[in-house]
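Quick note: the coordinates plus some simple rules give every number you see, no bench work behind them. What you see is a predicted model; the values in this text were computed from it and never measured. Ideal geometry is used to build each Cβ from the backbone, glycine not excepted, and the neighbour counts take in all protein chains shown.
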Amino acid sequence: MSAEQEGRDFLASVDRYFDKAAAATSHPEGLLKQIKICNSVYSFQFPIRKGDSYRVINGWRAEHSHHKLPVKGGIRYSMHASESEVIALATLMTYKCAIVDVPFGGAKGAIQISPRDFTVDELERITRRYTTELIRKNFIGPAVDVPAPDYGTGPREMAWIADTYLAFHGEQIDALGCVTGKSIAQGGIRGRTEATGLGTFYGLREACSIEEDMKKLGLEVGLDGKTFVIQGLGNVGYYAAKFCTEHGAKLIGVAEYEGGIHKQDGIDLEALMAFRKETGSIVGFDGSTALEKREDALEIECDILIPAALENQITKENAPRIKAKIIGEAANGPVTADAEQILEEKGVMIIPDVYLNAGGVTVSYFEWLKNLSHVRFGRMGKRFEQGAYDRILSIVERETGRTLTKEERASVARGADEADLVYSGLEETMISAYQHTREIFKSNPKVENLRTAAFVNAIDKVALCYHELGIFP
Ligand code: NAD
């Protein structure tokens, strides 16, 4: 299937989810149309020299909703990118931001390349040229549109984007807030690298903590002891797997670009990463069974399946063979609307992408705030808090006659630094968004699953914004 057709199918899937949720609300039709439609798309081509020849590269930036500014969303480098895919991803960003109360509209960008085909120098030129195109059309800026990393991009690309923007806007004091996901030295924030995977973990842990829901699936309460399979060990997949294993879940299967592996008694994640670095592949890892096709990993019997690579991975074709009880959508759009129907009938619980992978944009929001305030979180209060706890502990010691050990005192008498505050802010965000979404699911009889609940949550919040502007009474 062509990339454009895949993109169209993905957008149709997102729109179907929206329509289902819209029917469970009582907002007027015109307002729902305004919330659903993509506000603007910039599609462009530019040439890049490669050796002695030139390649013409396709690029896009879609701003789905201007109900709040700036708009926000990642930039992906992928041969599968298409205009419809970018619009679909931008659409999901609008809803995602609303669900986790991040005050941005949704956006997404893409460059249709496979980064593997280019040298670092060429990638830098492509990224800087793409950024210049965005600057020319006012599709980037701390108050307008703030990109971030996505599939195939990371802090390196974000640094090139920030540097290019600064070259054009050196006079803007908040210019660094034009992009997030930067390295710390470039104005980034501690905790951003792992944010999406960490948020995925917080979301899964919250879902697994609810007795009523686990009982229905025939599972014990808690993440501890649950088996899981992951597709994609990139930024999101690696950190999701890392936090889940650190909290007692057992990784038993992995799908990566080069193949799939299964090891029922547990895969040591760090050893697997080291093995892949050394050999270039996960296949052949210590005691694991190599699967015939990488996609076969999705069909391993497990408690939780975490697709963390790309969209359209679980379709009506393979959905009947999925044996997981919970699917945690760490990637964007990994389950198609047709597949969802089949999985629902099988009783699978799907924790939707619009909620579960919102950790990235949440911490991007914190990074943007840091860039606007020009101060590291925790810098002003850390020592003061530590001193206050120290004084309280001294009173407790005096009154009880018990002297605390050095370790006991150090564990209580400490002020929060930037990483503590980011982790705490993200944990709070993921827990309250899950509870709110579940509440909608439980209380609205027209809402049939968590995804529809998440969309209803988002639609209500965007609608409120238009109501308050007086555009729709
Ligand atoms: P990434 O490029 O770091 O990692 C993707 C990984 O998937 C790579 O290791 C790649 O080799 C692997 N992969 C590609 N095709 C595969 C296939 N068919 N089977 C198995 N593995 C395959 O990208 P990422 O940033 O981790 O993003 C992954 C997904 O998460 C995307 O859907 C993205 O939109 C979504 N997401 C990312 C963020 C973020 O902060 N990075 C935030 C929200 C959502």
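I'd like to compare 264-276, 314-326, 390-402, 72-84: which one has the highest average count of other Cβ atoms within 10 Å, and what's the full order after that?
Descending mean neighbour count gives 72-84, 314-326, 264-276, 390-402.
Give me D for the chain in µm² s⁻¹, whole number, from Stokes-Einstein with Rh from the Kirkwood sum over alpha-carbon pairs, 37 °C and 0.692 mPa s.
On the way: Rh = 23.3 Å.
So the translational diffusion coefficient is about 141 µm²/s.
Tell me, how many Å apart are the Cα centres for the range 374-444 and for the range 146-168?
32 Å
How many angstrom separate the Cα center of the range 264-317 from the Cα center of the range 237-263?
Distance between centres, Cα-based: 7 Å.
Would you mind checking which residues have amide H under 5 Å from Ile314's amide H? H placed 1.01 Å from N; only 5 or more apart, or other chain.
For Ile314, whose amide H was placed from the backbone, the distant partners under 5 Å are Val335, Thr336.
What number, in percent, do you get for the relative contact order of the range 3-186 if the mean sequence gap of Cα pairs under 8 Å and at least 6 apart is divided by its residue count?
About 21 percent, as a whole number.
In sequence order, what are the phi-derived ³J(HN,Hα) couplings for the range 318-326 according to the Karplus relation 6.51 cos²θ - 1.76 cosθ + 1.60 with θ = phi - 60°, rounded to whole Hz, with x for glycine and proline?
Ordered by residue, 3J(HN,Hα) equals 9, 3, x, 9, 6, 10, 5, 8, 10 Hz.
I need the peptides 285-292, 137-144 ranked by packing, meaning the mean over residues of other C-beta atoms within 10 angstrom, with the highest value on top.
137-144, 285-292
By average Cβ neighbour count within 10 Å, what is the ranking of 108-121, 157-170, 49-62 from highest down?
The packing order, highest mean first, is 157-170, 108-121, 49-62.
Among the complete DSSP H segments of the chain, which ones combine at least 18 Å of alpha-carbon extent along their axis with a mean Kyte-Doolittle hydropathy of 1.0 or more?
Helices meeting the span and hydropathy rule in the chain: none at all.
If R0 is 51 Å, what FRET efficiency do you get for Thr132 and Lys323 from their C-beta distance, rounded to 0.05?
The formula returns an efficiency of 0.55 here.
For every helix of n ≥ 4 consecutive DSSP H residues, a contribution of -39,500 (n - 2.57) applies; sum these over the chain, divide by its total residues, and give [θ] at 222 nm rounded to the nearest 500 deg cm²/dmol.
-15000 deg cm²/dmol
Mind listing the long-range amide H neighbours of Ala309? Cut-off is under 5 Å, sequence gap 5 or more, other chains count too, H placed in the peptide plane at 1.01 Å from N.
Hits under the 5 Å cutoff: Ala331.
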